[in-house]
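See structure below.
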Amino acid sequence: CSKDGPTSQPRLRTLPPGDSQERSDSPEICHYEKSFHRHSAAPNYTHCGLFGDPHLRTFTDTFQTCKVQGAWPLIDNNYLNVQVTNTPVLPGSSATATSKLTIIFKSFQECVDQKVYQAEMDELPAAFADGSKNGGDKHGANSLKITEKVSGQHIEIQAKYIGTTIVVRQVGRYLTFAVRMPEEVVNAVEDRDSQGLYLCLRGCPLNQQIDFQTIRSAQATEGRARRKGPSLQAPPEAFTYETATAKCREKLPVEDLYFQSCVFDLLTTGDVNFMLAAYYAFEDVKMLHSNKDKLHLYERTRDLAPGNMAPSGMSSALWVALLCLSQCWLCLL
């Protein structure tokens, strides 16, 4: 940085002399939607998101809560790679959250050079690792752009050459990720047998998945059964099931899986920022998901009661009563 004041923006040096930042003569191949001819069917877009403790919504609208501590591939296809690193929220806790995110856009024809974007806790850059804000020196460089929506909290990456939008946020100390991508790009892989293990496509491995209902039961009884074996370290702020649901309902009035994720995270971590992470994750779904009828997800859509209420939406009193009956039954056995 210059001591004499602001220097020129990195994006000014990423295009050949004489070119403007807003080019209208980029090759058609560098604009995914424009490359479709009139007689071709419109592309089908899919969505994937990762947020919170962490909770994953895959390209097929499967919703999972996972452990996945350490580095894991989120997306891996012919055009880009996304990797996340999840770290424990509390010492000795199985609760993890995303502390680092790396996105690699691969060089593509005359559109973009290879670009790397990296974000970590308390560091959400508004530029690629090389300081640029677009795809480099190629003719269609502006088909890849970074836009800062809220300084240090929210960035958006538009990759028009592959019809893809990526949203990265920092909420509290941790990161959230959301993407809108055409199915054609999602499935653009060279080796289908060895790949496809990335989380957005296949979901978390079975040994990394957390049973939502089992954990909720354990959380609800945690305060009454600490003497029965080891338990998670107490969170910095103690939420009961009732206070957690009340807090989450402030931002998420529909008791879908985003609401349940919020309750889960407040009980597990005690960090109210996880409520905001669930809220913003759903806001990103509303912006990025192409099917507005699939915004809300529920645990068992086959068993929905009239009025589109999920079974998990039962009153807390009934839920506690059933839990007590099950405990009494175990005592009798």
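Test of understanding: express the Cα radius of gyration of the stretch 28-208 as a ratio to 2.2 N^0.38 Å, with N the residue count. Provide the component values of the computation, followed by the final result.
Numbers: Rg = 16.3 Å, N = 181, 2.2 N^0.38 = 15.9 Å.
Here the answer is 1.03, to two decimals.
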Which of K251/K292; K34/K149; K251/K286; K160/K251 have a Cα-Cα distance over 21 Å?
K34/K149; K160/K251
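In Å³ and rounded to a whole number, note down the convex hull volume per residue for the Cα atoms of the stretch 23-124.
Per-residue hull volume (Cα only) is 126 Å³.
Since every read-out is calculated from the coordinates, none of them should be taken as a lab result. The shown structure was predicted, so the numbers you read here are calculated from the model rather than taken from an experiment.
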